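The values are calculated or read from the model by the stated rules, or taken from the named source; none is laboratory data. This is a predicted model, so every value here is computed, not measured. Glycine also receives a Cβ, built like all others from the backbone with ideal geometry; neighbour counts cover every protein chain displayed. Only protein heavy atoms, including side chains, enter the accessible area calculation; ligands, DNA and RNA are left aside. Shrake-Rupley method; radii C 1.70, N 1.55, O 1.52, S 1.80 Å.
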Amino acid sequence: MTEDSKGRGRRAAGRRRRKPAKGRKALTIVAWSAAGVVLLGGAGLGYFYFKLNGNLKTVDIDQALGTDRPQNIDNGSMDILVLGSDSRGGANSGYGPDDGGSARSDTAMIVHLYEGHEKASVISIPRDLMTARPECPTGKGKTDPGGARRQFNEAFTIGGAACAVKTVEKMSGIRMDHYVEVDFTGFKKIVDNLGGVEVTTSKPIKDELAHVDLPAGPNKLNGEQALGLVRTRHGVGDGGDLGRIQLQQAFMKALIKQVKGIGLFDNPKQLLGLADTGTKALTTDRALGDVKSLMGFAQSLQGIDAQDMQMITMPVTTDAIDENRVAPLKKESKLVWDALLADQPIPAEATVNSTGDKGTAGAVVR
């Protein structure tokens, strides 16, 4: 698949979540950056509380989308759209020509927390997916009409967070409870402040475009190396987006293990430093746009280990029109969305025929 060429749903009832049981913390998950974990601590420390609140950037998804969304159903689960922004503007200009701040969703995941919030499913959406895109506001009173065949990651470029959420909701029939966005620079700083993330590679990974050059064997990745690993298309596999998704999922598991294993809560100084970095790295929906909400969000992660997360790529196949793009497998995708709507595990048959989970890139990193 090529990086720079451009591609030119069913809707089901969503659901309303019931209020948390007595004693339960407010629950949600950052997932991709594990930033929720680093936000714990410091929230009652006066200056730090206001400082961290001031770091956060928010978008009002509810106001932007209004009533044109799947409704909520009360079943205790939660769905979060997590995006990684690939803007080359500002501090990210070293990763390609400055795009003036225009960005694409370089990484997109739906994180589904099951009732009880002890398990989760993560569904990666390929950026090269060709799908229907709904009409989206583009700012200054203008609107993009969308269309029946558009490349998924262009939704974010054209209409920002609101359009990305709307596209996912139209495609899945599932209402997103929250939205979390992490950018290149913020991701690097989180990894660096964690002291690096340990992974083992089964073979060398080298990609000059992604700024990564790793030997085979154990590696402790700094922020730059970690970002290169999750961005590389050409370092492993066939140079496509599906192989990169497998690397992202493998790294995400390693990151979760790292966060749980370094004893953050025994080191208040490191914890506050990570909280500062994490809040600067994030853009969230308005409901998560304060430290108190994010603390509850983070606390829910303490009971979820890597083995408690089912990770798949949205069921896809090679696009019939453009072999450098992918298209949804409608029957299998419906199995995924129906399972999440019912708060059930994703059935194995949903991924049997999918190109997305047949690659070997994920076996390169553990």
On the full set of protein chains, 1.4 Å probe, figure out the accessible area of H211 and give it in Å² to the nearest 10. 80
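Can you flag which of K188/K269; K51/K188; K119/K260; K51/K220; K166/K253; K203/K330 are past 24 Å Cα-Cα? Please list the in-between numbers first.
Working: K188/K269 19 Å; K51/K188 21 Å; K119/K260 16 Å; K51/K220 31 Å; K166/K253 28 Å; K203/K330 35 Å.
Pairs exceeding the cut-off: K51/K220; K166/K253; K203/K330.
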Quick one: 3J(HN,Hα) in Hz for segment 178-187, Karplus 6.51/-1.76/1.60 with θ = phi - 60°, rounded, Gly and Pro as x. 8, 10, 9, 10, 10, 9, 3, 5, x, 4
Using alpha-carbon coordinates alone, the radius of gyration and Dmax of segment 108-221 in Å work out to 18.1, 53
How many nm is it between the label spots at T58 and R286, if each spot is 7 Å from the Cα in line with the beta carbon? 0.7
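With r defined as the distance between the Cβ atoms of N267 and E323 and R0 fixed at 51 Å, what FRET efficiency is calculated, to the nearest 0.05?
Values: r = 50 Å, r/R0 = 0.98.
So, using R0 = 51 Å, E works out to roughly 0.55.
Write out the GluC sites (Glu not before Pro) in segment 185-224 meeting two conditions: DSSP loop, and at most 13 other Cβ atoms within 10 Å of their Cβ. Could you put the intermediate results ahead of the total?
Numbers: sites: E198, E208, E224; in loops: E208.
Answer in residue order: E208.
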Neighbours of A64 by Cβ distance under 11 Å: Lys/Arg at +1, Asp/Glu at -1, summed charge -1
12 Å beta-carbon shell around V199, net charge (K/R +1, D/E -1): +3
Given the C-alpha centroids of segment 311-336 and segment 183-201, what is the distance between them in whole angstrom? 30
Label E198 and E349 with points 7 Å out from Cα along Cα→Cβ: what is the distance between them in nm? 4.2
Leaving out ligands, DNA and RNA but keeping every protein chain, what accessible area does K257 have, in Å² rounded to the nearest 10, with a 1.4 Å probe? 140
If ligands, DNA and RNA are left out, what is the accessible area of K260 with a 1.4 Å probe, given in Å² to the nearest 10? 80
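Round to the nearest 0.05 the FRET efficiency obtained for T143 and E115 when R0 = 35 Å and r is the Cβ-Cβ distance.
Once rounded, the FRET efficiency stands at 0.40.
Please work out how much length the chain gains when fully extended from K331 to E135, using 0.36 nm per residue of separation minus the C-alpha to C-alpha distance, in nm with one decimal.
Details: separation 196, 0.36 × 196 = 70.56 nm, distance 2.49 nm.
Length difference between fully extended and current span is 68.1 nm.
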Which order, highest average first, do 48-61, 109-122, 139-152 follow once you tally other Cβ atoms within 10 Å for each residue and take the mean per peptide? 109-122, 48-61, 139-152
Considering the alpha-carbon set of segment 152-217 alone, what are its Rg and its Dmax in angstrom? 17.1, 43
Going 7 Å from the Cα of K257 in the Cα-to-Cβ direction, what parts of segment 179-217 have a backbone nitrogen less than 20 Å from that spot? 191-205, 214-217
When the solvent-accessible surface of protein heavy atoms is calculated with a 1.4 angstrom probe, in what order do T232, T157 fall, highest first? T157, T232
